[in-house]
Amino acid sequence: MACNCGRAGRSTLVYRLTLPNGVTRQYPTRQEADAANKRAGGHGSITAVRQ
């Protein structure tokens, strides 16, 4: 049996886009984050975050 190591509930993976001007947005898929980054000029950074 797997241990959840004290975590209550399930965690989800989201992709956080951080733009150079400090704005952050979260997207459910990497593709959506990439598309938003391209629309914003392509200079943002994308990181995977567990919530």
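A few notes on this one:
- Applied to the range 13-19, the Karplus parametrisation 6.51 cos²θ - 1.76 cosθ + 1.60 on θ = phi - 60° returns per-residue 3J(HN,Hα) values of 9, 10, 10, 9, 9, 10, 8 Hz, with x for Gly and Pro.
- Each peptide in 29-38, 9-18 was scored by the mean count of other Cβ atoms within 10 Å over its residues; highest first, the order is 29-38, 9-18.
Each reported figure results from applying straightforward, stated rules to the coordinates on display, with no laboratory input. Bear in mind that the values here come from a model prediction, so they are computed numbers and not experimental data. Glycine also receives a Cβ, built like all others from the backbone with ideal geometry; neighbour counts cover every protein chain displayed.
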